[in-house]
Amino acid sequence: MLIEQLKAQQVLPVLVIETIEQAAPLAELLLKYQLNCIEITLRTRSALQVLNYLARQYPELIIGAGTVLNVEQFDQVQQAGASFAISPGATEPLLAKAARSEMTFIPGVMTASETMQAQGYGFKLQKLFPAQVAGGVELLKAFSGPFSELLFCPTGGVNPNNMADYLALNNVAVVGGTWLAPLAQIQAGNWQQIESNFASLQGQLTV
Ligand code: 3PG
């Protein structure tokens, strides 16, 4: 089950990939470091193509499509081979569409009302975005009272310095972030640096 895989991985790499040429070496490294669950953002013109390529060539990857902003994109990422979809927010049409779909959806929230609305549609794993700006660890502690059944994936401003504080919370399933493979390092093809980011992660994770 996806949630168990995310919990085990603890960190969900959020990736902005512009070309297939960038996708292949990155996929090899992700698999080498057992970072099988990833988020590919729909922030580049070729994002759907990259998603489709990775889904076909690297079936061991569990690919989430991120930055899914509307129902059209929800359909597009499903067709491209995404295993799940993530959004920075949660509009009513997107929640309704995703609730009827077989594809797992992780809606984005940052307030109690948004959390309640997404919960109303049955979504028990939600993305807190932008996590640090929204209130970070303290917000999640406060949410654990009224929303005791929910789990969160804080993303946005999570980094190696605050990651452990998030992961120590009972209502955090996984944290997301771009720091493991930042766009500039992907663009530069700096695979050595990205590999070193992945390698350092092992020592930063809670057991
Ligand atoms: C996202 O799309 O989830 C965020 O932009 C990731 O935020 P970060 O760059 O602060 O990790």
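Descriptive notes on the structure:
- Filtered by the rule that a residue be among the acidic types (Asp, Glu) and within 16 Å of the ligand (Cβ to nearest atom), the stretch 145-171 gives a lone residue, ASP165.
- Only residues that are among the small types (Gly, Ala, Ser) and within 10 Å of the ligand (Cβ to nearest atom) were counted in the stretch 172-202, giving 2.
- First in the stretch 1-23 and in contact (Cβ under 8 Å) with a residue 12 or more places away in the chain and within 14 Å of the ligand (Cβ to nearest atom), second anywhere and outside any loop (DSSP other than H, G, I, E, B) and not hydrophobic (A, V, I, L, M, F, W, C), Cβ under 6 Å, 6 or more apart: LEU12/GLU39; LEU12/GLY176; VAL14/GLU39; VAL14/GLY176; VAL14/GLY177; VAL16/THR41
- The set of residues in the stretch 69-95 that are under 15 Å from LEU125 (Cβ atoms) and more than 16 Å from the ligand (Cβ to nearest atom) comprises SER83, LEU95.
- Just so you know, in the stretch 54-106 the residues that are charged (D, E, K, R) and within 30 Å of LYS32 (Cα to Cα) include one that is surrounded by the fewest Cβ atoms within 10 Å (Cβ to Cβ), and it is GLU102.
- Among the residues making up the stretch 156-207, those that are among the β-branched types (Val, Ile, Thr) and in contact with a strand residue (DSSP E or B) (Cβ under 9 Å, 6 or more places away or on another chain) are VAL158, VAL172, VAL174, VAL175, THR178, ILE186.
- Segments classed as strands (runs of 3 or more DSSP E), wholly inside the stretch 107-207, with at least 3 members that are closer than 18 Å to LEU35 by Cβ and touching a residue at least 60 places away in the same chain (Cβ under 8 Å): 175-177
- Restricting the stretch 113-130 to residues that are hydrophobic (A, V, I, L, M, F, W, C) and farther than 24 Å from ASN159 by Cα, the residue that is surrounded by the fewest Cβ atoms within 10 Å (Cβ to Cβ): MET116
- All positions within the stretch 131-144 that are surrounded by 16 or more Cβ atoms within 10 Å (Cβ to Cβ), within 14 Å of the ligand (Cβ to nearest atom) and of a type outside the set (S, T, N, Q): ALA131, ALA134, GLY136
Any read-out appearing in this document is the output of simple, stated calculations on the displayed coordinates, not a laboratory observation. In this text the structure is predicted, and so the values were computed from the model without any measurement. Glycine also receives a Cβ, built like all others from the backbone with ideal geometry; neighbour counts cover every protein chain displayed.
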